[in-house]
Amino acid sequence: MSPLLVHWLILKQLFFDKHQVRLIVLQVYCLHKTVRMSGRRVVVFPSAAELGPALAHLVASRADKALLDHGRFSLGLSGGSLVSMLSKELPALPDLDCSHWLAGFCDERLVPFNDGESTYGLYKNQLFSKINIPDSGVLVIDPSLSVQECAEDYARKLKEAFPKEDIPVFDLLLLGMGPDGHTCSLFPDHPLLEETQKIVAPIDDSPKPPPQRVTMTFPMVNLARCVVFVSTGGSKAPVLKQVLEGGEGPALPAARVVPSHGELFWLIDEPAAASLTLQVERPGSAAKL
């Protein structure tokens, strides 16, 4: 065999090997992306009226699962339209037993509980009075403290409620999203987006009033066993497209919620989904997720 032919065969083999490596790397990457994205479910309902009952059933099903697994159901609540939706739909479920529930808040405004801006105050008046969750099962902030002390105090309460875990792992977090893409009290371009040490952080310059709040941080949010976003209305369509499909610039806060080992749901209505091109589920009003 001529030296030229030998060199050609060696070069061919090297090219083939590199090509195969590139192909394998590409396949692994695509598989990783597919698995990663398959953990996110975008579910579209005709309207918020059909979405509400499905959300309530999802909460109840995750509660049943948690109670069977470890004897308690931990739920993180957010404000906004979620308050009225849950207050209407959860008490309507037959045989709902909340006696072993633990409810916390994904963020909270530093205002008195009788203030209309208090997320706990709204839930106390509209939901907790209708279900059998014990007072000891609701973790609230101390609004008499400074915002820094309040965040530290709430972090302590959470750690005491989850004594076996370095970072509390909630069974279910219910989140909303603002028109700027914020979730909890984590706002675009804010330094708290990069917080890695604290599980609850203070914010005294919220772009949305009131300015003083405490909020869960991404390290805690992304450890939850299940995270559910609820977003409705046509005004959310542009930002929802950017969050779910990507766009120019840094990822918006809501897009950075990616549970490391948990489920991720986006429950939205048709007006909010109007600009989406990605594949979604449309299960109908009787859906059980």
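The values are calculated or read from the model by the stated rules, or taken from the named source; none is laboratory data. Predicted model only: the values in this text are computed from it and were never measured. Using ideal geometry, Cβ is built from the backbone for each residue, glycine included, and neighbour counts are taken over all protein chains shown. SASA here: full protein model, heavy atoms, side chains in, ligands and nucleic acids out. Shrake-Rupley method; radii C 1.70, N 1.55, O 1.52, S 1.80 Å.
Of the GluC sites (Glu not before Pro) found in the range 162-257, those that fall in a DSSP loop while having at most 13 other beta-carbon atoms within 10 Å are Glu165, Glu248.
With viscosity set to 1.567 mPa s at 4 °C, what whole-number translational diffusion coefficient in µm²/s follows for the range 40-273 from Stokes-Einstein and a Kirkwood radius over Cα pairs? Value of D from the Cα-based Kirkwood radius: 73 µm²/s. Around the amide H of Ser47, modelled in the peptide plane, lie the amide H atoms of Glu270, all under 5 Å away and 5 or more residues distant in sequence or on another chain. Roughly how tilted is helix 3-38, in degrees to the nearest 10 and between 0 and 90, from the longest Cα axis of the chain? Tilt of helix 3-38: around 10 degrees. Subtracting the Cα-Cα distance of Glu160 and Val280 from 0.36 nm times their residue separation leaves 39.3 nm of extension gain. Against the longest principal axis of the chain, how steep is helix 48-70, in degrees 0 to 90 to the nearest 10, with axes from Cα atoms? The two axes meet at around 90 degrees. Distances between placed amide hydrogens fall under 5 Å for Gly76 paired with Gly104, Leu172, Leu173, Leu174, all partners being 5 or more residues away or on another chain. To the nearest whole percent, what portion of all C-alpha pairs in the range 193-289 is separated by more than 15 angstrom? That tail contains 70 percent of the Cα-Cα pairs.
Per residue, the chain reaches -12000 deg cm²/dmol at 222 nm when only DSSP H runs of four or more residues are counted, each adding -39500 (n - 2.57). With protein chains left intact and a 1.4 Å probe, residues in the range 40-273 average 42 Å² of accessible area per residue. Kirkwood radius for the range 28-137, taken over all pairs of different Cα atoms as the inverse mean of 1/r, rounds to 15.7 Å.
Taking θ as phi - 60° and the Karplus parameters 6.51, -1.76 and 1.60, the scalar couplings of the range 90-104 work out to 5, x, 7, 6, x, 6, 6, 10, 10, 5, 10, 9, 10, 10, x Hz in sequence order, x denoting glycine and proline. Remark on Ser185: its backbone amide H falls under 5 Å from those of Met216, a criterion applied only to residues 5 or more positions apart or on other chains, H modelled at 1.01 Å from N. Each of Lys157, Lys124 has its accessible area taken with a 1.4 Å probe; listed largest first, they run Lys124, Lys157.
Separation of the range 42-73 from the range 229-254 is 22 Å, based on Cα centroids.
Prolate is the label for the range 129-261, because a/c, from the alpha-carbon gyration tensor with a ≥ b ≥ c as root eigenvalues, is 1.5 or above and a/b exceeds b/c. In the chain, Cα pairs under 8 Å separated by at least six residues give a relative contact order of 24 percent. Note on Glu50: accessible area is roughly 50 Å² with a 1.4 Å probe, heavy atoms of protein only.
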